[in-house]
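*Asks:* Quick one: the structure is below, questions incoming.
Please treat every number below as a calculation from the coordinates, not as lab data. Every value quoted in this text rests on a predicted model; they were computed, and no experiment measured them. Note that each Cβ is placed from the backbone with ideal geometry, even for glycine, and that neighbours are counted across all protein chains shown.
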Amino acid sequence: MERKTQTSEEKDIILCRCEEVTQKTIEEAIGKGGDTLDSVKRSTRAGMGLCQGRTCQRLVAKILRDKTGKPLEALTPPTSRPPFRPIKLDLLAQEGNKTAERK
Ligand code: FES
């Protein structure tokens, strides 16, 4: 199957919507030696968003396959971790005060 060459504008499309990572950023990470889904995830944050890569992981895997020649079956899924969100310090302080009052 013949693949169409992409323009630089097409490479600016966002592949990871959660972390707003573009195809160009993914390709640059692979060009710098990222040859696994985990290494690309760590260097670009693609896959670290709220959906945890459900949307973007397959797209990143296809780019990795195209750039490295590795078959999709050989690409191990990256380590999965729950997303964390910032917590306001006063919320933590309130919780600490409640704990102190109970003692
Ligand atoms: S689209 Fe990439 S983590 Fe959600």
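*Asks:* Which ones in the range 1-15 are out of contact with any Ser or Thr (no Cβ under 6 Å at 6 or more places or on another chain), over 21 Å from GLU73 (Cα atoms) and surrounded by 11 or more Cβ atoms within 10 Å (Cβ to Cβ)?
*Replies:* Answer for the range 1-15, where residues must be out of contact with any Ser or Thr (no Cβ under 6 Å at 6 or more places or on another chain), over 21 Å from GLU73 (Cα atoms) and surrounded by 11 or more Cβ atoms within 10 Å (Cβ to Cβ): GLN6, GLU10, LYS11, ILE13.
Quick grid of which residues meet (1) among the hydrophobic types (A, V, I, L, M, F, W, C); (2) over 10 Å from the mean Cα position of the chain (by Cα); (3) surrounded by 13 or more Cβ atoms within 10 Å (Cβ to Cβ):
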| position | (1), (2), (3) |
| --- | --- |
| GLN23 | no, yes, yes |
| ILE30 | yes, yes, yes |
| ASP38 | no, no, yes |
| GLN57 | no, no, yes |
| GLY69 | no, yes, no |
| LEU72 | yes, yes, no |
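*Asks:* Are there any helices (runs of 4 or more DSSP H) wholly within the range 6-102 with 2 or more residues that are away from the ligand (no atom under 16 Å from the Cβ), and if so which?
*Replies:* Hits in the range 6-102: 8-11, 23-31, 57-68, 89-102.
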